[in-house]
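Asker: The structure's right below; bear with me while I get my questions together.
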There are 2 protein chains.
Amino acid sequence: MASNKKTIFSIVPIGGLGQIGSNMTLISGQTESLIVDCGILFPNEDSFGINYLIPDLDILENASPTDLIITHGHEDHIGAIYHIIEKVPQIKVWASPFTSELIKKKLKSYKKSIKINLLIQKKEITFSDFSFIPIQTNHSIPETHGLFFKSKKESLCFFILSDFKFDNKTPYESPMDLNYLKNISQNFEKRVLFSDSTNIKSKNFKTPSEADLIAPIEDILSKNNKRVFFTLFPSNIFRQKSIINASKKFKKKLIPYGKSVENYLETAIDLNLIENDKSLIKSIKNTNCDGDNLVILISGCQGDFRGALRRVAWGEDSTFKIKKGDLFVFSSTPIPGNEKKVSQIMNKIYEAGGEVITNADCLVHASGHPGKDDLKILYDTFNPTDVIPIHGESYLLHAHKKFIEETYPDIKTHLIYNFNSININQSLEVKIEKNESKEPWLIHGKGILLEKENLRQRRKMASSGLLFLSIKIDSIGRKRVNYSLEHFGLPQLIKNQEEKIGWLINNFFNKTKVKTFDKSKDELKIELRKFCNKVIGYKPLVFIHFI
Amino acid sequence: MASNKKTIFSIVPIGGLGQIGSNMTLISGQTESLIVDCGILFPNEDSFGINYLIPDLDILENASPTDLIITHGHEDHIGAIYHIIEKVPQIKVWASPFTSELIKKKLKSYKKSIKINLLIQKKEITFSDFSFIPIQTNHSIPETHGLFFKSKKESLCFFILSDFKFDNKTPYESPMDLNYLKNISQNFEKRVLFSDSTNIKSKNFKTPSEADLIAPIEDILSKNNKRVFFTLFPSNIFRQKSIINASKKFKKKLIPYGKSVENYLETAIDLNLIENDKSLIKSIKNTNCDGDNLVILISGCQGDFRGALRRVAWGEDSTFKIKKGDLFVFSSTPIPGNEKKVSQIMNKIYEAGGEVITNADCLVHASGHPGKDDLKILYDTFNPTDVIPIHGESYLLHAHKKFIEETYPDIKTHLIYNFNSININQSLEVKIEKNESKEPWLIHGKGILLEKENLRQRRKMASSGLLFLSIKIDSIGRKRVNYSLEHFGLPQLIKNQEEKIGWLINNFFNKTKVKTFDKSKDELKIELRKFCNKVIGYKPLVFIHFI
């Protein structure tokens, strides 16, 4: 599919397409490469100890990127930074002040520290044959940027705006400077746009403003003089601010509770994004946590197994026990896949006597992603010749493409997946190079890769239990074999059969002549597995040592 | 809390309240007990091999129920029948013809067969001090019944209507005879209602009719001459019928595909609920599965790991490979908790070149549960003095209670959970006896109970991997200990450390004097776990045998 004309840009999404998370894009000009973002993906199942997934980074070995540009501080954009630095230690990292602070804290937990270069809105950063300009946008975390790239020689620009919404009403930060975007882009012949697909199916065509939530939050606090727990995406600093301001207005005390909320709040205070009002913001140590007029900002809005909210809901928290009158406000929405975990939390709250308010009851959450009307503003401003839907599962990318084709028939839309390459040549033709997608890497423990095969082994153990048998070689051939047997994750019914298993082992060595230990091991394994299958209806794993 | 007055009825939901599934209720008159339904609950996580969960059945030992009444054939109402029969072998089972057939097939897989008594609409079944009348209702499976109980002496009746909707338009079966229900109930002084909470939060106040789906289904088939895959809850026989009829109308061939769809269709044909039109309904053997004008009724609408739909979507099916032009219609909705599994299927379909239609695009699915307007019809007809919200997670039971209190302030609503007992005494007072809820039993393999502790063991193995070490006792004290080491579910990084682990083991026995094997085992375990923690950041399970 390669064109004969020279490629001047190739853009390869390494993560974030066809999945929710691990956003990462490799951008190569003619002489230099850089990476935009390096996010993690959360595992589908909590059962295998996996902390997170990251894209397959082998591609970086040939590409040798010189720079890493971070658009904003969400985990699905910065979470994999330790792994990037391990792979490309000399890489130059760019981020805004708040994002830098988050990155530094993250790297500290890996005992790493790096220098981070400041990303400043509208301040151009130049490479040998291209440059880019960060343009600030609204989202659900402060200091989010779109990246406007332009070629030095060719009449080509492209704009990567992975997470955004247009919020003209928020009191907390200015909306994107659309005039500026229009001015710098419209003289280019080719204008390629990479744009967010997250909310393409949302019934909210225009994503609500953070400002729209202030009245409902105040209303809740004005009516409740008992304890009100607010759970939210803790990185949503402006939401925290709205709740803190409302708490102040109605003379409440506010307790941040849970590691994640506390960390983000601390960072926001350090950077003067939130005022450190010590008469308002309290710790559990110096507050009567059982009293009235308390607002608790609590971590764990996704029902996370180790989250503070789950602990409280399950009655396992030592500080907060749910009592009648407690109100829990979900100023958040379940990330797809977490619906059940979140509804379980709500069930537990009700069972313990609490009440729940969600976005279905009143407007207590606003997404950070664009509805169709937000997208239209972007298309009308940037006036793209080509769009590549990014940031979304495959069915969302597909729906985004359909929406563009129906609404803007002149725009060319390119549906691509991770590891496909968008190549733009000297004639400004956009060509898609289909490359085989690569499975993400599983990370467990201190940044350690767990190979797929070893995950499969975990799955096997988890789904069928196991038997350990060690046999003393010297005793084989005697009347009774000397062995030790242990089982794990198997029903009591198997324990009840230990005598029979012993008989089976002895019988095996009486009737079978040991040729090689390997062969005997395999044969005995088969017999033991068959026996268990008869008793319980499935075959456990069997490990045998001859010693 | 017990009243001094004699209890004439006690009703104990053993499952189905505060959860989705395992519906089961123990009803005791003064001398006899019976059970209504005996369903299973599906596990939250697929990782531990658990096939299903059932309520803790120990309660049946004292209650000694004589009869088991099945309201309809869904798994969350019949799935645990094998376990009931094991526990109470002499129990008399009642079910409608179609439900009986489903139960018989299920028991066959456990190599059991039983006699089932016919449950006939409006035919009263009498016990010593009470009787009940089955009243047919619409739902999402044929032959669903509500059960109308009445006391012989006291002016008391109660109506258990766990799953229902009112469907006046469906061509497939008559709606509930509301006049009849009104006539038999209104002379009783006390009228207690147990009613479905599943859809209390639905924005569809009136649940659509099965008839409403016929036009959209026909529309889809009239416009598509390629392959159309319909996935649905396979027990929804009338939905199957609508798709089969539409296929006939537009001259398609229809292939049922997947065990579950095939089984239910076979049962429906056996009972003349669906006509066996051999010119229309084909098997994969005698059909060109790659051809046009094919309708495939496919199992696995919940994204089930072993379902046909998942196999096809993942490209792992030997018969159906997705190609451009294939359309997949989801005539179903994800059960809470399955959202992600279902959206993954959609992603895979799009990635393979297929298209998807869901209920968000056009009306291709109707729930079998009541919206608020359906509930109002029920309340207006039965005119209950007391309502107990059933069939739903806690937050739904709570919302149902709130709805009744706001809409029918004269009705008394009782919020209860599993194992609470509703006691009605001679003065017709309704009292709630709070009993400790019991955790459901985990079933894996051929109906075998897996104890909670053994599930915890599985979780441990799955989340941290393991080391298995056996040590030859005779060799302890020598320069080199004779040992055998194996690991499972651990990263390659640990394999690379085998030499060091060997050194650690030898060093342990050189420096430590073995006092007792148990003590040494514990000490060595700690050292090995510590070592691994240093290398990978977590401690695997360690099993040691001295032999």
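Asker: Is there a residue in the stretch A:213-220 that is on the phi < 0 side of the Ramachandran plot, assigned to a loop (DSSP other than H, G, I, E, B) and not small (Gly, Ala, Ser)?
Answerer: Within the stretch A:213-220, none of the residues are on the phi < 0 side of the Ramachandran plot, assigned to a loop (DSSP other than H, G, I, E, B) and not small (Gly, Ala, Ser).
Asker: Another question about this same structure. Inspect the stretch B:67-88 for any residue being surrounded by fewer than 15 Cβ atoms within 10 Å (Cβ to Cβ), assigned to a loop (DSSP other than H, G, I, E, B) and without any contact (Cβ under 8 Å) to a residue 60 or more places away in the chain and give the result as yes or no.
Answerer: no
Asker: Look at the stretch B:168-195 and say how many of its residues are free of Cβ contacts under 8 Å to residues at least 60 places away in the same chain and either among the charged types (D, E, K, R) or buried (at least 21 other Cβ atoms within 10 Å of the Cβ) (or both).
Answerer: Result for the stretch B:168-195: 3.
Asker: Starting from the stretch A:294-309, take each residue that is of a type in the set (Ser, Thr, Tyr) and list its partners that are part of a loop (DSSP other than H, G, I, E, B), counting only C-beta distances under 6 angstrom and pairs at least six apart or across chains.
Answerer: Within 6 Å, the pairs are A:Ser299/A:Pro234; A:Ser299/A:Gly258; A:Ser299/A:Gly307.
Asker: For residues in the stretch B:484-503 being surrounded by 14 or more Cβ atoms within 10 Å (Cβ to Cβ) and at the interface with another protein chain (Cβ under 7 Å from one of its Cβ atoms), which is nearest to B:Pro43 (Cα to Cα)?
Answerer: B:Gly489
Asker: Next question, about the same structure. Among (1) aliphatic (A, V, I, L, M); (2) away from chain A (no Cβ under 13 Å); (3) assigned to a helix (DSSP H, G or I), where does B:Ile422 come up short?
Answerer: Among (1) aliphatic (A, V, I, L, M); (2) away from chain A (no Cβ under 13 Å); (3) assigned to a helix (DSSP H, G or I), the lone unmet condition for B:Ile422 is (3).
Asker: Give the residue that is farthest from the other protein chains (Cβ to nearest Cβ), with candidates limited to residues of the stretch B:429-455 that are more than 20 Å from A:Ile494 (Cα to Cα) and either without any contact (Cβ under 8 Å) to a residue 40 or more places away in the chain or assigned to a loop (DSSP other than H, G, I, E, B) (or both).
Answerer: It comes out as B:Glu429.
Asker: For the stretch B:458-475, name all the residues that are over 17 Å from A:Gly445 (Cα atoms), surrounded by fewer than 21 Cβ atoms within 10 Å (Cβ to Cβ) and at the interface with chain A (Cβ under 7 Å from one of its Cβ atoms).
Answerer: Once the filter is applied, which keeps residues that are over 17 Å from A:Gly445 (Cα atoms), surrounded by fewer than 21 Cβ atoms within 10 Å (Cβ to Cβ) and at the interface with chain A (Cβ under 7 Å from one of its Cβ atoms), the stretch B:458-475 yields only B:Lys472.
Asker: Would you be able to tell me the number of residues in the stretch B:533-547 that are in a helix (DSSP H, G or I) and either more than 9 Å from chain A (Cβ to nearest Cβ) or under 13 Å from B:Ser470 (Cα atoms) (or both)?
Answerer: 1
Asker: Got at least one residue in the stretch B:385-399 being surrounded by fewer than 18 Cβ atoms within 10 Å (Cβ to Cβ), of a type outside the set (Gly, Ala, Ser) and touching a Pro at 6+ places or on another chain (Cβ under 8 Å)?
Answerer: no
Asker: Separate question: Please go through the stretch B:221-236 and give me each residue that is touching a residue at least 60 places away in the same chain (Cβ under 8 Å) and outside any loop (DSSP other than H, G, I, E, B), ordered by number.
Answerer: Within the stretch B:221-236, B:Leu221, B:Arg227, B:Val228, B:Phe229, B:Phe230, B:Thr231, B:Leu232 qualify.
Asker: Of (1) over 21 Å from the mean Cα position of the chain (by Cα); (2) surrounded by fewer than 21 Cβ atoms within 10 Å (Cβ to Cβ); (3) in contact (Cβ under 8 Å) with a residue 40 or more places away in the chain; (4) on the phi < 0 side of the Ramachandran plot, B:Ile120 satisfies all except one. Which?
Answerer: All conditions pass for B:Ile120, except number (3).
Asker: Just to be sure, is A:Lys323 basic (Lys, Arg) and either surrounded by fewer than 17 Cβ atoms within 10 Å (Cβ to Cβ) or modelled with pLDDT of 95 or more (or both)?
Answerer: Yes: the conditions hold for A:Lys323.
Asker: Still on this structure: If you check A:Ile424 against the conditions, is it at pLDDT 95 or above and β-branched (Val, Ile, Thr)?
Answerer: So A:Ile424 passes the test.
Asker: Might you let me know whether the stretch B:304-319 holds any residue that is within 14 Å of another protein chain (Cβ to nearest Cβ) and more than 26 Å from the chain's Cα centre (by Cα)?
Answerer: yes
Asker: Of everything in the stretch A:431-454 that's at pLDDT 95 or above, in contact with a strand residue (DSSP E or B) (Cβ under 7 Å, 6 or more places away or on another chain) and surrounded by fewer than 20 Cβ atoms within 10 Å (Cβ to Cβ), which residue is farthest from B:Phe531 (Cα to Cα)?
Answerer: Among residues in the stretch A:431-454 that are at pLDDT 95 or above, in contact with a strand residue (DSSP E or B) (Cβ under 7 Å, 6 or more places away or on another chain) and surrounded by fewer than 20 Cβ atoms within 10 Å (Cβ to Cβ), the one farthest from B:Phe531 (Cα to Cα) is A:Lys431.
Asker: How about the stretch A:476-495: which of its residues are closer than 16 Å to A:Leu466 by Cα and in a loop (DSSP other than H, G, I, E, B)?
Answerer: A:Gly489, A:Leu490, A:Pro491
Asker: Further question on the same structure: With the stretch B:318-408 as the region, which strands (runs of 3 or more DSSP E) entirely inside it contain at least 1 residues that are without any contact (Cβ under 8 Å) to a residue 60 or more places away in the chain?
Answerer: Per the criteria, B:355-357.
Asker: Something else about it: Please identify the pairs in which a residue from the stretch B:3-22 that is without any contact (Cβ under 8 Å) to a residue 40 or more places away in the chain has its Cβ atom under 9 Å from the Cβ atom of a residue that is not hydrophobic (A, V, I, L, M, F, W, C), counting only partners at least 6 apart or on another chain.
Answerer: B:Asn4/B:Asn425
Asker: Is there a residue being crowded, with 18+ Cβ neighbours inside 10 Å, out of contact with any Pro (no Cβ under 8 Å at 6 or more places or on another chain), in a strand (DSSP E or B) and of a type outside the set (D, E, K, R) anywhere in the stretch A:510-521?
Answerer: Checked against the condition, which is being crowded, with 18+ Cβ neighbours inside 10 Å, out of contact with any Pro (no Cβ under 8 Å at 6 or more places or on another chain), in a strand (DSSP E or B) and of a type outside the set (D, E, K, R), the stretch A:510-521 yields no hits at all.
Asker: Let me ask another. Going through B:Asn245, B:Asn263 one at a time, which residue ends up being under 25 Å from B:Glu101 (Cα atoms), surrounded by fewer than 24 Cβ atoms within 10 Å (Cβ to Cβ) and under 23 Å from the mean Cα position of the chain (by Cα)?
Answerer: Answer to the check: B:Asn263.
Asker: Of the conditions (1) touching a residue at least 40 places away in the same chain (Cβ under 8 Å); (2) more than 36 Å from the chain's Cα centre (by Cα), B:Arg458 fails just one. Which one is it?
Answerer: Failed condition: (2).
Asker: Conditions first: (1) surrounded by fewer than 19 Cβ atoms within 10 Å (Cβ to Cβ); (2) at pLDDT below 95; (3) assigned to a loop (DSSP other than H, G, I, E, B). B:Asn62 passes all but one, so which condition is the exception?
Answerer: (3)
Asker: Looking at the stretch A:392-407, which of its residues are closer than 29 Å to A:Glu75 by Cα and more than 14 Å from every other protein chain (Cβ to nearest Cβ)?
Answerer: Once the filter is applied, which keeps residues that are closer than 29 Å to A:Glu75 by Cα and more than 14 Å from every other protein chain (Cβ to nearest Cβ), the stretch A:392-407 yields only A:Ile404.
Asker: Also, I was wondering about something else. Can you tell me which residue within the stretch B:328-368, out of those that are within 11 Å of another protein chain (Cβ to nearest Cβ), within 19 Å of the chain's Cα centre (by Cα) and not small (Gly, Ala, Ser), is surrounded by the most Cβ atoms within 10 Å (Cβ to Cβ)?
Answerer: Among residues in the stretch B:328-368 that are within 11 Å of another protein chain (Cβ to nearest Cβ), within 19 Å of the chain's Cα centre (by Cα) and not small (Gly, Ala, Ser), the one surrounded by the most Cβ atoms within 10 Å (Cβ to Cβ) is B:Val342.
Asker: When the residues of the stretch B:12-34 are narrowed to those that are surrounded by fewer than 24 Cβ atoms within 10 Å (Cβ to Cβ) and β-branched (Val, Ile, Thr), which ends up farthest from B:Lys152 (Cα to Cα)?
Answerer: B:Ile20
The values are calculated or read from the model by the stated rules, or taken from the named source; none is laboratory data. As the structure is a computational prediction, the values presented were derived from the model and not from experiment. Glycine gets a Cβ as well: all are built from the backbone with ideal geometry, and neighbour counts include every protein chain shown.
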